[in-house]
Amino acid sequence: MANDDVQLVKEKLDIVDIVGDRVRLRRAGRDFVGLCPFHNEKTPSFHVSQERQNYHCFGCGKGGDVFTFVMETEGLDFPRVP
């Protein structure tokens, strides 16, 4: 996928919608928080920024954009991301 295409897809998607399909999120100030899908936890440390269109877990350190999230949760490589 060309860089221009990647940017176009990112502009069309909202990471909160994509992550919210897999993680129960609640608003916390500007961000959304939930339990991290990448490790077991009882206190939410997984933050999603609608403004920056990225996520970061303060518990395990994983983070990225909408493509990274889909690749990590679905076990895909970038060329296979739909």
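Read the figures in this text as sums done on the coordinates, not as results from a lab. Remember, it's a predicted structure, so these values are computed and weren't measured experimentally. Cβ atoms come from the backbone with ideal geometry, glycine included; neighbour counts cover every protein chain shown.
Neighbour counts of other C-beta atoms within 10 Å: give me 42, 10 arranged from fewest to most.
Details: 42 6, 10 14.
Result, fewest neighbours first: 42, 10.
Multiplying the residue separation of residue 50 and residue 8 by 0.36 nm and removing their Cα-Cα distance gives an extension gain of 13.5 nm.
Please compute the length gained on full extension between residue 60 and residue 40, using 0.36 nm multiplied by the number of residues separating them and subtracting their Cα-Cα distance.
Working: separation 20, 0.36 × 20 = 7.20 nm, distance 0.96 nm.
My answer for the length gained is 6.2 nm.
Excluding residues on the same chain fewer than 8 positions from residue 42, give the lysines whose Cα lies under 20 Å from its Cα. Once the sequence-local lysines are set aside, what remains near residue 42 is 62. How would you classify region 32-82 from its alpha-carbon gyration tensor, with a ≥ b ≥ c the square roots of the eigenvalues: rounded for a/c under 1.5, else prolate if a/b is greater than b/c, otherwise oblate? Cα axes put region 32-82 in the oblate bin.
By counting other Cβ atoms within 10 Å of each Cβ, how are 48, 70, 6 ranked from fewest to most?
So the residues, fewest neighbours to most, are 6, 70, 48.
Computed over the chain, relative contact order equals 21 percent, with contacts defined as Cα pairs under 8 Å that lie 6+ residues apart. Candidates 29, 67, 13 compared by Cα position along the dipole of region 1-81: farthest toward the positive end lies 29, with charges placed on Cβ.
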